[in-house]
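Please read the structure below before turning to the comments.
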Amino acid sequence: MDQPPVRATSAVLLGGTLLSVAFLVLGFGLSLGAGEAQSAEPRALAEVLRSALALEPWGLSMMGVLVLLGTPAAGLLSTAIETRRRQPVTAALALLVLAILLAAALAALAG
């Protein structure tokens, strides 16, 4: 059976991984010079974004983790879009897995 190319999916996964590594390396590098540790308590997404935009080591590192966690979901969405015409069952399964991940994330946030 002829396999469809999944160039966009590959690009999304590679791009997400590289972006995550860039955030983590930058955050780690800045933390070496900062000399003070950040609190390990959970914070709101808005605080993470503010901290990352301010180039604070903690915020950059957390953005790296968030991008790393979001990359597989973005890959699933890309797969669904890319395979929707040639392999609709594959696209539907990718969307099903994405829906399950979203439900699990919402359940974790709720409680």
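We did not get these values from a lab; they are worked out from the coordinates using the rules stated. What you see is a predicted model; the values in this text were computed from it and never measured. Cβ placement follows ideal geometry from the backbone for every residue including glycine, while neighbour counts extend to all protein chains displayed.
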Exercise. Compute the distance in nm between two label points, each set 7 Å from the Cα along the Cα-to-Cβ direction, one at Ala34 and one at Val97.
Key: 3.4 nm
Quiz prompt | Theoretical gain in end-to-end length, Val25 to Ala110 [0.36 nm per residue, Cα-Cα removed] | solution = 27.4 nm
Exercise. Enumerate the helices in the chain for which the Kyte-Doolittle hydropathy averages -1.0 or more and the C-alpha atoms extend at least 18 Å along the helix's axis, using complete DSSP H runs.
Key: 7-34, 57-83, 88-110
Practice problem: Determine, for each peptide in 62-70, 7-15, the mean count of other beta carbons within 10 angstrom over its residues, then list the peptides with the highest first. | Solution: 62-70, 7-15
Exercise. Once you have a ≥ b ≥ c as the square roots of the Cα gyration tensor eigenvalues for the chain, tell me rounded if a/c is under 1.5, and otherwise prolate or oblate according to whether a/b is larger than b/c.
Key: oblate
Exercise. Grab the DSSP H runs of the chain that are 4 residues or longer, score each as -39,500 (n - 2.57), total them, divide by all residues and round the 222 nm result to the nearest 500 deg cm²/dmol.
Key: -27500 deg cm²/dmol
Quiz item: Does region 46-111 come out rounded, prolate or oblate, given a ≥ b ≥ c as the square roots of the eigenvalues of its C-alpha gyration tensor, rounded meaning a/c under 1.5 and, failing that, prolate meaning a/b above b/c?
Solution: oblate
